[in-house]
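Q: Take a look at this one; I'll ask things after.
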Amino acid sequence: MESVPAARARPEASYSAVTERLVHRAREARLTGGRAGTLPRAEIDASWDRVLRSGVDPEQSPESRLLETDEIEHRRSSTGLGEVMPLLREGLATIADAAQQIMVVCDTEGRVLWRQGHAAVMRRAKDICLEEGAAWAESATGTNAIGTALATRAPVQVHSAEHFVRALHGWTCAAAPVRDPRDGRLMGIVDISGPAHTFHPATLALVGSVAALAESELRDRHLVAIERLRSVAAPLLCRLGGRALVVDSHGWLAAVSGMPPVDRLPLPKHLEPGTVWLASLGMCRVEPLPGGWLVQITEGVHDRVPRRVVLDLSRERGLAVHVTGAVGSWTCRLSPRHAELLYALALRPEGRTAAELADDVFGDATRTVTVRAEISRMRRHLAEVLAHRPYRFGEDVEVEVVLPDVPADLLPRSTAPVVLRARTAAGVA
């Protein structure tokens, strides 16, 4: 069988009406179990096979149940793609706008997290549910650039009748995966989509180039973070002595003492402070640092200083938490939201569920997704002293809250019920 020719030159020459008719006939033959005189491109052919096996209806609407706003925000904050959105907007969104297309960025499940571009196309995209929170994996929406790039982990362009679902035949799209340079894992998909008449064969190369630039930006940011961690780690290791390493959250080495250096230390998927067995080192004592971990090989190493937390809420512009642990002390600046959450936990040593914290901070017990996201961010720096199930300060952690001299100055802009109750109890109107 003859394959449909690949795109090579001008849009009208590279994907002609004849080519589109051939693809359409190949699709119809595939759906009816017949034989066609031509085959689609290999990546499209393989995608159609996957979609047929998954049971997607070719006549279905591309509509899907959208994620709630809180869930979208949680996913945005949980992916490193947010760090490179300015680059993606500059490199793709402005070009998409000029080309009557839109830029779409999805997570590893094919859920749309961001979109930007031509205003009229943005409105038209709602008709096919190409909007924030929608599902565009192949199993949900059939063959499309986002879902197929997600399935193959490779850049792909899908045009008109190459889409499995008929409702998408009026569209063209090109997408490429973005990988985390720290560990190679997939972070998400970046895509350009638009009406079929906006097709251009160079679009795929453009999307692939910008995805590569995003990965390069992430790599540069990682190197800066390692240098920052190294500046903290070097004096710390000098004081400790013995065999120890400081690594970032992905295990990349920042500093080492008393042993040969390694490029990267394999870490458990869910690492917690305390004593842990690491296959490459044996039994180790692990302590959190801002941006990473201190790993000491346990050769008579024991806790020397009780863990203590001072939650400083005395000044609105100086909200901070001071932590004293076995390896020294450090300070983390706090956002008002994190200050509210830690204050709520300090008032309840027995702990709070996500729903109870949501009620404490938002007055809405259903906002558990937001609470979990914020606690997850704080645990990057406070994992040693924050426990979960329920959320609480650790049992052996001494907690002190430093309040302002004037009760009305306690987080004065806060509307969190837990803060309002404290002001009321102090006689503040």
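Q: Looking at the square roots a ≥ b ≥ c of the eigenvalues of the Cα gyration tensor of the stretch 187-306, which shape do they give, rounded for a/c under 1.5, prolate if a/b is larger than b/c, or oblate?
A: Prolate, since a/c reaches 1.5 and a/b exceeds b/c.
Q: Separate question: Among 408-418, 203-213, how do they line up from the highest to the lowest mean number of other beta-carbon atoms within 10 Å?
A: 203-213, 408-418
Q: Where the accessible area of the chain is counted over protein heavy atoms with a 1.4 Å probe, how much of it, in %, is carbon and sulfur?
A: 51
Q: Using the alpha-carbon centroid of each, what span in Å lies between the stretch 228-261 and the stretch 145-185?
A: Taking the Cα centre of the stretch 145-185 as reference, the centre of the stretch 228-261 is 41 Å away.
Q: In addition: Counting only other residues whose beta carbon sits under 14 Å from that of residue 53, what net charge do I get with K and R as +1, D and E as -1?
A: On the way: positive: 30, 50; negative: 45, 49, 57, 138.
Once positives and negatives cancel, what remains is -2.
Q: Tell me the relative contact order for the chain as a rounded percent, counting alpha carbon contacts under 8 Å between residues six or more apart.
A: With pairs under 8 Å counted, the relative contact order is 10 percent.
Q: Sticking with this structure for a sec: Just name one of 106, 354, 260: the one whose Cα is farthest towards the positive end of the charge dipole of the chain (beta-carbon charges, Lys/Arg +1, Asp/Glu -1).
A: 260
Q: Would you mind counting up the charge near residue 85? Only other residues with Cβ under 12 Å from its Cβ, with Lys and Arg at +1 and Asp and Glu at -1. The partial results should precede the final answer.
A: Details: positive: 76, 89, 115; negative: 83, 90, 217.
For residues surrounding residue 85, the net value is 0.
Q: Now for a separate question. Looking at the stretch 119-273, I'd like the Rg to Rh ratio, where Rg is from alpha-carbon atoms and Rh is Kirkwood's inverse mean 1/r.
A: Rg/Rh for the stretch 119-273 comes to 1.18.
Q: To continue, here is another question. Once fully extended, how much extra length lies between residue 425 and residue 347, figured as 0.36 nm per residue of separation less the alpha-carbon to alpha-carbon distance?
A: 26.7 nm
Q: OK, next. What is the distance in Å between the Cα centroid of the stretch 382-422 and that of the stretch 93-122?
A: One Cα centre to the other: 40 Å.
Q: Determine the per residue accessible area of the chain with all protein chains present and a 1.4 angstrom probe, expressed in square angstrom. If you can, show how the numbers build up before the last one.
A: On the way: 20290 Å² over 429 residues.
Dividing the accessible area of the chain by its residue count gives 47 Å².
Q: Here's a follow-up. Measuring from label point to label point, each 7 Å out along Cα→Cβ, what is the residue 186 to residue 31 span in nm?
A: About 2.6 nm, to one decimal.
The values are calculated or read from the model by the stated rules, or taken from the named source; none is laboratory data. Everything numeric in this text was worked out from a predicted model, so none of it was measured. Backbone-built Cβ (ideal geometry, glycine too); neighbour counts: all protein chains shown. Note: areas computed on protein heavy atoms with side chains; ligands, DNA, RNA excluded. Shrake-Rupley method; radii C 1.70, N 1.55, O 1.52, S 1.80 Å.
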